[in-house]
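Novice: This is the structure, below, for whatever I ask next.
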Amino acid sequence: MTPTLTQYLVISLLQIVVVMGFVMTLVPLLTFAERKVIGYVQVRLGATRVAGGLWGAQRGRTHQSRTFTGGLNGFMWWLGRWPVISIFRGLPMFIADALKLLTKEDIVPIEADKAVFVLSPALAMVAAFTVFAAIGFAPGALFYFPAKFPYLGGLPFYGFLTDLNVGLLFILGVASVGVYGIVLGAWASNSKYPLLGGLRSAAQIVSYEVPLTLSLLVPVVLTGSLNFNEMSTRMATDIPVNGLVGIGRTLLMFVGFFVYTTCGFAETNRTPFDLAEAENELVAGFHTEYSGMKFSFFFLSEYASMITVSALASAFFLGGHYLLPFGLQPTWNHFFQNSPSAFLAWTCTPSILWFLLKIFFLLFVFLWVRATVPRYRYDQLMDVGWKFLIPYTLVMFVIAALLRYAA
Amino acid sequence: MAITKVWIEEGCIVCNACEAECPDVFHVTEDSCHIKGEARQDGKESENREEKAELKPDLQANLEEAIIAAAASCPVEVIKFDQVASAAAKPTAAVVPVPTTPATPIAPASAAEAAPPVSPLPATPAPMPHVVDTDIENAVDAALGTTANIRAAAAPSPAAAPSITEAAKPRVTKVWIEEGCIVCNACEADSPEVFRVTETTCTIKAGVRADGKESENRAEKSGLNPSDGERLISSIITAAANCPVEVIKYEVIGEATLVPPPVVEAEAHAAVEVAAGPYVIDYKSAPNRQVVMPKTVPLPSLHTYQEEQKAAMAADEAKWIKQQADFETAKAKALAEGKDAPKPPVRALPKKNDTDMEFPAPSEAKDPDLLHLMDLLDGKVSQAFEQSGELILQVHPDGLIETLMFCKGDASLRYEMLADQTATHYPAANGFAFSVVYQLTSISRRKRLRIRVLVKEGQDLESAVEIYPSANWMEREIYDMFGIRFSGHPDMTRILCPEDWEGYPLRKEYPTLGWGQRDIDFREDRSGVLMRMAMEQAGNMGINLKVPKAD
Amino acid sequence: MFKTEEMEINLGPQHPSTHGVLRVKLHLDGETITRCTPMIGYLHRGVEKICENKTFFQGQVWTDRTDYVASVSNNLGWAEGVEKLFGITVPRRAHYIRTMLTELNRITSHLLWLGTHALDIGAMTVFLYAFREREEILSIFEAFCGARLTTTAFRIGGLREDLPPGLEKLVRAFQARFLDCIDEYETLLTENRIWKKRTIGVALLNAEDAIALGVTGPVLRAAGSNYDIRKAFPYASYAEMDFEVATQTAADTYARYLVRLEEMRQAHRIINQCLDGLPEGPVMAKLPKVLKSEVNEVYHAIEAPKGELGYYFVGEKGGQNPYRMHIRAPSFINLQALSKMVVGRLLADVIAAIGTLDVVLGEVDR
């Protein structure tokens, strides 16, 4: 059943609302997760125990008082009685965070180039969020509207916005626009620390764009496609690991995953590559002069980029919507496809669940790394990029071409 | 002897010292110190300044020592008392608050009648028996000469002069180690021929012992060879004195002509000079020296200080002798006239000299470094002396750079580091206004030296930056704080204060109170009157203060 | 057509990694430092002037506020300096307790250094791990004297009071687990590739330059010299303690890191010896209530966590206050070496160099 243009538009709008809603919820949740994960890694006392009030400061003994504020706190404490759920204490904090960012005074330096200063956070934000247009969260239709549903009955609701046939190209192209937001914002601040941060960021992203793209060329060569969903599916299920080609491919994906993730860390300005905003050297890097909502745009775009990078890594290297990473899924399917156990049979089919779990895991890795390693120095970062990653990805690219030829 | 009256002169600073010493008599209140009612015959409690009421008879004798101690401990010396001889006179020694106090504080009247007045100067120790078996502690003290005794010897005291000449030379007959040795190596460092420190204990070497065995000699107490005992006497005494747990015991004969043992500093330094490489010290070859606590340095001049001390002592002594003589004549006169004998004079109490605290006097330069520098600098050194274990060399400003160059460059000095440099302001001094000191450290020789220069107001010093780069900031700080300029300094600007700061804060005339000082206690200012006055005052001075918001 | 010029940039006085109000004026060619001028004085309170107007007993309180992360060391320097001035002999038990507390304080100071230095370089976790142990030592100080940071722990002539009951147990409990904690920090940093890249060969200062510039403490010892005042001019009860002087020869930031870690281990050793060999006896010498000085001057230096901490006292006749008091602050002298360390290097190395010098601005400015 083909939708009419208006039906198509309505469904697309709904899809946009759902996907953007998901991302916009995930980003603040990620800040909450960051606080919690790092809190637990670093034995922080506040972050691991806080209950968190939504409406103002805590008052009195929170779990007993039945005030408006205390009620929520009491609820969070009540939640905390169970071991696993206890980590969600303090969850309302992220709403408070968002409110704080929204209501803060918005300062524009007198000497700043005002138009660029205002536009650049928007540029960073738009670029970071547009990328999600080409990312396929769910394989095929997420669900079908029931037949009796008014106007849309029987139509499919996809887990992605578009099924672009040059999806990967779109993603890389739009994501690299984000750096303009950073560099322009830094320049427009007309201040020295942001300038240094912006220059660092420009050099870094230009350097790491190359190995990042080269490492993504490996799946492109192996699958011969640029469509996100197709690449993801074919990387996961194409060739079983039984011949030399299959084993080589698995190894390549394994190595490629680490190379890509490393570049991804650099692309998103995360530790150990967070030179552009190295707080201990450049105060706050490129966003030193930004405050309030403009700052939060940069902030949100960084976290959105993290989600993008995680999504790409899990789609192309970790098996996407399938259970097993590194192209091991065909072998699994071979054994369990016709298994009498419904559960095992289900593990052989694609699902949005696996994809989201992999994204969450990678996001956790981002936070984990942040809590563990120090920061590279500027010249060392360049060394890692140009002397190590680029030759490595070039070799991988050649191997991928050979494998493609052999297959 | 007893104390009949005690009173407090004006000027009490309410320091509680007297109450701590003698709580039965003194009571320190908020603003003054009182003599307690229960100690007084009239039963009132006051300062007793006008009425001068007598103490209760039973307390007069009992609390004598405590009252004397309280009077001595009074920092402003306002506690006065009348002292009379009582029928049951105690021996003099009992009056001395602390046994080792060098001076006898009170000359007892009864003793004064019978014998000539006791010299106020440090008493010489009682002549010692020839063989000291029983009281070893005393022997060690006497042989070593406590600080007090050294001082006594230095002072022009007639009592210190007599000495017993012995036919036999002094020698150590026996040495043994008591239990409790902590194997610290100190004795072996001082006297390697006698002591050997093993893993667990310290032994007396076989070579010096008559019986030829090597052990701690604790049980057998065998004697030393006479020749060794004579030759090694000073090192054994030094080792015993330096033993941190004091387990080295010895017996000695013929103590009388003993000289105080030589200061071991020089030997220790000689041992230290074996260094493994540049700036690396071999701590193992040079055992830890005991920490030498104090001796002091006089300013502005060592000799002036010594002269002053001498003159003060002599004046004190002369006054006392005169008092005694006056008393003798008055007594003779009274006896001749058949009247009652007048009150015997009471000697003003010397400062309480606590056992734990003494001001060490400076000594003339003996250290090889100082002597060497004095040779090198010939005439540019104005003073060189040692105090508190520190070496001080005062040079003429013209010779400063030369001195520092010698200190750094001379092969036998090698003071590599300028650890500290600072100045002191002496507004009242004659001929100079500041002293600038350079603390030099020789890392390879483990030694410190202080160079001192006296500078006139407005006089420039030469900068030491060329020789010691570390002087850079320190000289800037001196300029900032005192206004002494250093010629040849690469950047003679203020360092801690802002560039436009007026005045030099560490000069003595620089006020500690001033602009912005809050002299109103706003907690008491409920009505806000004081605040308004302050605002008005500030307004008159051209300062615009904001009114703080009321909470 | 193009004009190149050096950029002048102010690092501080408000900056996350200058550990206070240090201002460093940098001239940058790209990110390379061509000129570096530390500018200090933002925290100048005139402690020396204030102490000239306080008695010997009162002045000690101000020493807490110079190097506020190592206040016990400062107290020791003051107390021993005054004792040297007056010739006071301190009981042996007091010396032992002083030594123990000073070494505990050395650990807190090094822990704070470790945490902030690692934080500057980007390793965030060590900071909180180090503060966990520091907290424990601060509670020991609290148990001893009631204060955690501004301790005023000692009195002239000894200690105000003996160790409170139970304190030894606290210290022993801390001692029991502290070595494992150091190993924990080491697992995070010592073999970490990025940490090594950031610290090896960075901020070099060889022994000759260090001595010429008066630099002491771990910075000098990491350059191959084993000059340690605890051994060279023993004070308190260090002459009786068995410990090694930690040295390294590489003279870079990594070597200083290793030296400080080893110093913490040696401090642990000394504390154990103090606890085991704690002698009985009084803890306070007999002193008059009011100290009046003679005309004299002394310089007493101790090995503070940051280097040679010297107190220079001048007494006047009958004075109850020091006529002049000067603090030879190790941070102040060591900071002179900063420009030598960083010129020609990158901006990020300035941060590492400030961290490795371990300056505390309260002490630099006094």
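Novice: How do the strands (runs of 3 or more DSSP E) wholly within region B:1-120 filter down when requiring 1 or more residues that are at pLDDT below 75: which remain?
Specialist: Per the criteria, B:2-8, B:79-84.
Novice: From the list A:388, A:355, A:361, which residue is within 14 Å of chain C (Cβ to nearest Cβ) and closer than 28 Å to residue A:223 by Cα?
Specialist: Going through A:388, A:355, A:361 in turn, the sole match is A:388.
Novice: With the condition kept exactly as written, say whether any residue in region A:236-253 is of a type in the set (S, T, N, Q) and within 14 Å of chain C (Cβ to nearest Cβ).
Specialist: There is no residue in region A:236-253 that is of a type in the set (S, T, N, Q) and within 14 Å of chain C (Cβ to nearest Cβ).
Novice: Continuing with this model, one more query. Among the residues of region B:1-50, which ones are within 14 Å of chain C (Cβ to nearest Cβ) and in contact with a helix residue (DSSP H, G or I) (Cβ under 7 Å, 6 or more places away or on another chain)?
Specialist: B:17, B:18, B:21, B:22, B:26, B:28, B:33
Novice: Tell me which of these residue B:369 doesn't satisfy, since it passes every other one: (1) surrounded by fewer than 15 Cβ atoms within 10 Å (Cβ to Cβ); (2) under 28 Å from the mean Cα position of the chain (by Cα); (3) of a type in the set (Asp, Glu).
Specialist: Tallying (1) surrounded by fewer than 15 Cβ atoms within 10 Å (Cβ to Cβ); (2) under 28 Å from the mean Cα position of the chain (by Cα); (3) of a type in the set (Asp, Glu), residue B:369 fails exactly one: (1).
Novice: Considering only residues that are in a loop (DSSP other than H, G, I, E, B) and among the acidic types (Asp, Glu), which ones fall in region C:166-217?
Specialist: Selection gives C:191 alone.
Novice: Could you tell me how many of the residues in region C:338-355 are touching an Asp or Glu at 6+ places or on another chain (Cβ under 7 Å) and away from chain A (no Cβ under 12 Å)?
Specialist: 2
Novice: Further question on the same structure: So which residues in region A:330-367 are in contact (Cβ under 8 Å) with a residue 60 or more places away in the chain and either over 19 Å from residue A:314 (Cβ atoms) or not aromatic (Phe, Trp, Tyr) (or both)?
Specialist: Applying the first criterion (in contact (Cβ under 8 Å) with a residue 60 or more places away in the chain) to region A:330-367 yields A:330-331, A:333-334, A:350-352, A:355-356, A:362-367.
Hits for region A:330-367 are A:330, A:331, A:333, A:334, A:350, A:351, A:352, A:356, A:362, A:363, A:365, A:367.
Novice: Search region B:481-505 for residues being within 11 Å of chain C (Cβ to nearest Cβ) and farther than 15 Å from residue C:41 by Cα, and hand back the single one that is modelled with the lowest pLDDT.
Specialist: First, the residues of region B:481-505 that are within 11 Å of chain C (Cβ to nearest Cβ): B:481-482, B:491, B:493-499, B:501, B:504-505.
Keeping just the survivors that are farther than 15 Å from residue C:41 by Cα gives B:482, B:491.
Numbers: B:482: 90, B:491: 87.
In this case the residue turns out to be B:491.
Novice: Here is a follow-up. Tell me yes or no: at least one residue of region A:46-55 is at pLDDT 75 or above, not in a helix (DSSP H, G or I) and not aromatic (Phe, Trp, Tyr).
Specialist: Looking for residues that are at pLDDT 75 or above, not in a helix (DSSP H, G or I) and not aromatic (Phe, Trp, Tyr), one finds none in region A:46-55, hence no.
Novice: Moving on to the next point. So which residues in region C:130-167 are acidic (Asp, Glu), out of contact with any helix residue (DSSP H, G or I) (no Cβ under 6 Å at 6 or more places or on another chain) and touching a residue at least 12 places away in the same chain (Cβ under 8 Å), if there are any at all?
Specialist: C:161, C:162
Novice: Tell me whether region A:333-343 contains one or more residues that are under 19 Å from the mean Cα position of the chain (by Cα) and on the phi < 0 side of the Ramachandran plot. Walk me through how you get there before you give the answer.
Specialist: Kept after step one, since they are under 19 Å from the mean Cα position of the chain (by Cα), are these residues of region A:333-343: none.
Within region A:333-343 (the criterion being under 19 Å from the mean Cα position of the chain (by Cα) and on the phi < 0 side of the Ramachandran plot), the answer is no, since none of the residues qualifies.
Novice: Can you tell which of C:61, C:90, C:82 is part of a helix (DSSP H, G or I), away from chain A (no Cβ under 14 Å) and more than 21 Å from residue C:148 (Cβ to Cβ)?
Specialist: When all the criteria are applied, what remains is C:82.
Novice: So residue C:262 clears everything in (1) modelled with pLDDT of 90 or more; (2) under 16 Å from the mean Cα position of the chain (by Cα); (3) surrounded by 24 or more Cβ atoms within 10 Å (Cβ to Cβ) except one condition, right? Which one?
Specialist: So the condition that residue C:262 fails would be (3).
Novice: Could you check, for region C:24-39, whether at least one of its residues is surrounded by fewer than 20 Cβ atoms within 10 Å (Cβ to Cβ) and under 26 Å from residue C:147 (Cβ atoms)?
Specialist: Scanning region C:24-39, I find no residue that is surrounded by fewer than 20 Cβ atoms within 10 Å (Cβ to Cβ) and under 26 Å from residue C:147 (Cβ atoms), so the answer is no.
Novice: Every residue in region B:421-449 that is polar (S, T, N, Q) and in contact with a His (Cβ under 9 Å, 6 or more places away or on another chain), please.
Specialist: B:422, B:424, B:435 - these are the residues of region B:421-449 that are polar (S, T, N, Q) and in contact with a His (Cβ under 9 Å, 6 or more places away or on another chain).
Novice: Would you pick out the residues in region A:313-360 that are closer than 28 Å to residue A:214 by Cβ, in a helix (DSSP H, G or I) and in contact with a helix residue (DSSP H, G or I) (Cβ under 7 Å, 6 or more places away or on another chain)?
Specialist: A:313, A:314, A:315, A:316, A:329, A:330, A:355, A:358, A:359
Novice: Looking at region C:38-54, I want the residues that are over 22 Å from residue C:357 (Cβ atoms) and have a partner that is in a loop (DSSP other than H, G, I, E, B) and of a type in the set (A, V, I, L, M) with Cβ atoms under 7 Å, at least 6 apart or on another chain. Which pairs are those?
Specialist: Pairs found: C:48/B:506; C:49/B:506.
Novice: Return the residue satisfying two criteria in turn: it lies in region C:250-304 and is of a type in the set (Val, Ile, Thr) and within 10 Å of chain B (Cβ to nearest Cβ), and of such residues it is nearest to residue C:219 (Cα to Cα).
Specialist: Restricting to residues being of a type in the set (Val, Ile, Thr) and within 10 Å of chain B (Cβ to nearest Cβ), the top hit is C:298.
Novice: Exactly one condition in (1) of a type in the set (A, V, I, L, M); (2) surrounded by fewer than 14 Cβ atoms within 10 Å (Cβ to Cβ); (3) closer than 15 Å to residue B:172 by Cα is false for residue B:233; which is it?
Specialist: Unmet for residue B:233, out of (1) of a type in the set (A, V, I, L, M); (2) surrounded by fewer than 14 Cβ atoms within 10 Å (Cβ to Cβ); (3) closer than 15 Å to residue B:172 by Cα: (2).
Novice: Starting from residues that are at pLDDT below 90 and part of a helix (DSSP H, G or I), keep the ones in region C:236-259 and report whichever is nearest to residue C:357 (Cα to Cα).
Specialist: C:238
Novice: When you go through C:130, C:123, C:147, C:153 one by one, which is the residue that is within 14 Å of chain A (Cβ to nearest Cβ) and assigned to a loop (DSSP other than H, G, I, E, B)? Even if it seems obvious, please write down each step before you answer.
Specialist: Values: C:130 fails: assigned to a loop (DSSP other than H, G, I, E, B); C:147 fails: within 14 Å of chain A (Cβ to nearest Cβ); C:153 fails: within 14 Å of chain A (Cβ to nearest Cβ).
That would be C:123, the only listed residue that is within 14 Å of chain A (Cβ to nearest Cβ) and assigned to a loop (DSSP other than H, G, I, E, B).
Novice: Sticking with this structure for a sec: How many of the residues making up region A:191-244 are part of a helix (DSSP H, G or I) and either among the polar types (S, T, N, Q) or closer than 23 Å to residue A:406 by Cα (or both)? If you could, list the steps in order and put the result at the bottom.
Specialist: Here is the first cut: in region A:191-244, the residues part of a helix (DSSP H, G or I) are A:192-223, A:228-237, A:244.
Now restrict to residues that are either among the polar types (S, T, N, Q) or closer than 23 Å to residue A:406 by Cα (or both): A:201, A:204, A:207, A:213-223, A:229-237, A:244.
Final tally of qualifying residues: 24.
Novice: Does residue C:203 meet the test of being within 28 Å of residue C:187 (Cβ to Cβ), in contact with a Ser or Thr (Cβ under 8 Å, 6 or more places away or on another chain), buried (at least 24 other Cβ atoms within 10 Å of the Cβ) and of a type in the set (Gly, Ala, Ser)?
Specialist: Yes; evaluated as a whole, the condition is true for this residue.
Novice: Follow-up. Return the pairs, sorted by first residue and then second, in which the second residue is of a type in the set (D, E, K, R) and part of a helix (DSSP H, G or I), the first residue lies in region B:396-410 and is surrounded by 19 or more Cβ atoms within 10 Å (Cβ to Cβ), the beta carbons are less than 9 Å apart, and the residues are 6+ apart or on different chains.
Specialist: B:407/B:369
Novice: Of everything in region B:388-436, what is among the polar types (S, T, N, Q) and at the interface with another protein chain (Cβ under 10 Å from one of its Cβ atoms)? Give them in sequence order.
Specialist: Step one: list which residues in region B:388-436 are among the polar types (S, T, N, Q), which gives B:388, B:394, B:403, B:412, B:421-422, B:424, B:430, B:435.
Selection gives B:388, B:421, B:422, B:424, B:435.
Novice: Only one of these is over 19 Å from residue A:354 (Cβ atoms), within 14 Å of chain C (Cβ to nearest Cβ) and among the polar types (S, T, N, Q): A:201, A:215, A:225. Name it.
Specialist: Numbers: A:215 fails: within 14 Å of chain C (Cβ to nearest Cβ); A:225 fails: within 14 Å of chain C (Cβ to nearest Cβ).
It is A:201.
Novice: So, in region A:230-261, how many residues would count as being touching a Gly at 6+ places or on another chain (Cβ under 6 Å) and at pLDDT 80 or above?
Specialist: Adding up the residues that qualify gives 4.
Novice: Can I ask one more? How many residues does region B:431-466 contain that are free of Cβ contacts under 8 Å to residues at least 40 places away in the same chain, part of a loop (DSSP other than H, G, I, E, B) and not acidic (Asp, Glu)?
Specialist: 6
Novice: Okay, moving on. Could we say that residue B:212 is of a type outside the set (D, E, K, R) and not in a loop (DSSP other than H, G, I, E, B) here?
Specialist: The answer is no for residue B:212.
The values are calculated or read from the model by the stated rules, or taken from the named source; none is laboratory data. Predicted model only: the values in this text are computed from it and were never measured. FYI the Cβ positions are ideal-geometry reconstructions off the backbone, even for glycines, and counts take in every protein chain you see.
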